[in-house]
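The values are calculated or read from the model by the stated rules, or taken from the named source; none is laboratory data. Fair warning: this is a prediction, and the values are worked out from it, not measured in the lab. FYI the Cβ positions are ideal-geometry reconstructions off the backbone, even for glycines, and counts take in every protein chain you see.
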Ligand SMILES: C[S@@+](CC[C@H](N)C(=O)[O-])C[C@H]1O[C@@H](n2cnc3c(N)ncnc32)[C@H](O)[C@@H]1O
């Protein structure tokens, strides 16, 4: 892959570039036979970290935790402010095992409850409201997920959604839903792979 070309590209063009080169947004094997990392970048991690310091959330929900790179940025911010809890969710059992291991070795497991399974099943078991939500599953799920999530949001809740540029066709219905819904204020931040920043009014 023309990595240099990719890195220099405007965030909004990266999705087309990936598609042209035959990459999908799902996990794909890398050239060494290992799974290509779909984890957030350090810059995105720092963004989530700072947002957590700013919002000082009592409860965070993460949809699509994989091995826990994003989870660790949230947990580390909660540790720093000395308050708050995170629910991390992941469908893949082997990823969940790695996620739990990472939480253990970084000694933040007391801040994070791990939900192993399909997030759509998790919604039946959730109670209360979340101050912050990070959506980072496969992007074709975003609209359905968001609609299930709505009862768990309250005015001032912040929802961050990754990969808005990676698969523009798959997120179009989600973006249209947000833009047409007066109880949300939402904008796509033009950095990384396109980060949707949504606030419930
Ligand atoms: C882009 S990766 C998440 C990366 C992670 N946030 C990080 O920064 O390390 C997307 C993850 O969502 C998970 N996923 C996809 N559909 C899901 C579902 N219905 N329920 C739970 N997890 C799901 C995938 O297994 C995958 O690990």
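Some notes on this structure:
- The sole residue among 67, 73 that is crowded, with 18+ Cβ neighbours inside 10 Å and not in a helix (DSSP H, G or I) is 67.
- Within the range 138-163, being away from the ligand (no atom under 13 Å from the Cβ) and assigned to a loop (DSSP other than H, G, I, E, B) holds for 153, 154, 155, 156, 157.
- Any chance residue 79 is away from the ligand (no atom under 12 Å from the Cβ), more than 19 Å from the chain's Cα centre (by Cα), closer than 24 Å to residue 54 by Cβ and in a loop (DSSP other than H, G, I, E, B): no
- Restricting attention to the range 165-191, the residues that are at pLDDT below 95 and part of a loop (DSSP other than H, G, I, E, B) total 5.
- Filtering the range 45-60 to residues that are out of contact with any helix residue (DSSP H, G or I) (no Cβ under 7 Å at 6 or more places or on another chain) and either under 16 Å from residue 109 (Cβ atoms) or part of a strand (DSSP E or B) (or both) leaves only 59.
- Residues of the range 94-116 satisfying the condition of being modelled with pLDDT of 95 or more, outside any strand (DSSP E or B) and either under 16 Å from the mean Cα position of the chain (by Cα) or buried (at least 19 other Cβ atoms within 10 Å of the Cβ) (or both): 111
- Criterion: surrounded by 17 or more Cβ atoms within 10 Å (Cβ to Cβ), away from the ligand (no atom under 12 Å from the Cβ), over 23 Å from residue 191 (Cβ atoms) and touching a residue at least 24 places away in the same chain (Cβ under 8 Å) - qualifying residue of 128, 84: 84
- Residue 169 vs. criteria surrounded by fewer than 20 Cβ atoms within 10 Å (Cβ to Cβ) and touching a strand residue (DSSP E or B) at 6+ places or on another chain (Cβ under 9 Å): no
Residues are listed down the side, and each one gets a yes or a no for (1) closer than 25 Å to residue 56 by Cβ; (2) out of contact with any helix residue (DSSP H, G or I) (no Cβ under 8 Å at 6 or more places or on another chain):
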| residue | (1), (2) |
| --- | --- |
| 161 | yes, no |
| 167 | no, no |
| 181 | no, yes |
| 190 | no, no |
| 201 | yes, yes |
